[in-house]
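Novice: Mind looking over this structure? Questions follow.
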Ligand code: GNR
Ligand code: NI
């Protein structure tokens, strides 16, 4: 297992569009194990392959307290969305920044699991927020992109300054 490096906003690689996984193989499963180790170590409740500079449609999430309910979604597709809800989000690629984002309240998503078997999941509450946040990453979006231009500019400047200071 290995802890992977998480790209930091505004790294342009976070804007890449992830490609569908053609076949779920041992190397896919190895990547997922490394992503899980990276997410739990951070710690975070979700991670998209995009964040570790792998541009394949793979996301994971675990919102359980005991870190024992890993959810793996390969080639996720949003089948349905309903309702509206606003909640505070953070992102491992945008450390230390928390802002309110509006999302659907309830979603239905289909995906392949780590064995390549298709399943459908209905989610609401915090899990629905996380899954939508992760799917955004696969399309090159971070939660900051949902904010006003003014806020985006401030966050960008703050993180660039911080990254410069940490060199
Ligand atoms: O760890 C995370 N916490 C979080 C909190 C509110 C809404 C979304 C998230 S996902 C985030 C991990 C991450 O960056 N996933 O891409
Ligand atoms: Ni994120």
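Novice: Residue check: is residue 106 closer than 27 Å to residue 94 by Cβ and away from ligand 2 (no atom under 14 Å from the Cβ)? Outline the logic, then answer.
Specialist: On the way: closer than 27 Å to residue 94 by Cβ: yes; away from ligand 2 (no atom under 14 Å from the Cβ): yes.
Yes.
Novice: Related question: Condition test on residue 153, is it under 17 Å from the mean Cα position of the chain (by Cα) and either under 14 Å from residue 8 (Cα atoms) or free of Cβ contacts under 8 Å to residues at least 24 places away in the same chain (or both)? Don't jump to the end; show me each part of the working.
Specialist: Details: under 17 Å from the mean Cα position of the chain (by Cα): no; either under 14 Å from residue 8 (Cα atoms) or free of Cβ contacts under 8 Å to residues at least 24 places away in the same chain (or both): yes.
Criteria not met by residue 153.
Novice: For the structure I just gave you, tell me whether residue 28 is in a helix (DSSP H, G or I), in contact (Cβ under 8 Å) with a residue 24 or more places away in the chain and within 16 Å of ligand 2 (Cβ to nearest atom). Even if it seems obvious, please write down each step before you answer.
Specialist: Working: in a helix (DSSP H, G or I): yes; in contact (Cβ under 8 Å) with a residue 24 or more places away in the chain: yes; within 16 Å of ligand 2 (Cβ to nearest atom): no.
Spelling it out, it is not the case that residue 28 is in a helix (DSSP H, G or I), in contact (Cβ under 8 Å) with a residue 24 or more places away in the chain and within 16 Å of ligand 2 (Cβ to nearest atom).
Novice: Also, I was wondering about something else. Based on what the data block shows, is residue 132 within 11 Å of ligand 1 (Cβ to nearest atom) and at negative phi?
Specialist: On the way: within 11 Å of ligand 1 (Cβ to nearest atom): yes; at negative phi: yes.
For residue 132, the condition - within 11 Å of ligand 1 (Cβ to nearest atom) and at negative phi - is met.
Novice: Among (1) surrounded by fewer than 19 Cβ atoms within 10 Å (Cβ to Cβ); (2) in contact with a strand residue (DSSP E or B) (Cβ under 8 Å, 6 or more places away or on another chain), which single condition is residue 62 missing?
Specialist: (1)
Novice: Residue 93 versus (1) out of contact with any strand residue (DSSP E or B) (no Cβ under 6 Å at 6 or more places or on another chain); (2) away from ligand 2 (no atom under 16 Å from the Cβ): which is the lone unmet condition?
Specialist: Here residue 93 clears every test but (2).
Novice: Scan region 30-57 for residues that are away from ligand 1 (no atom under 11 Å from the Cβ), over 17 Å from residue 68 (Cα atoms) and surrounded by 14 or more Cβ atoms within 10 Å (Cβ to Cβ) and jot them down. Give the derivation first.
Specialist: Taking region 30-57 first, the residues away from ligand 1 (no atom under 11 Å from the Cβ) are 30-34, 36-37, 41, 53-57.
Keeping just the survivors that are over 17 Å from residue 68 (Cα atoms) gives 30-31, 53-57.
Selection gives 31, 53, 54, 55, 56, 57.
Bear in mind that the values in this text are calculations on the coordinates, not laboratory data. Quick caveat, the model's predicted, so the values are computed rather than measured. Quick reminder, even Gly has a Cβ in these numbers, built from the backbone with ideal geometry, and neighbours come from all protein chains shown.
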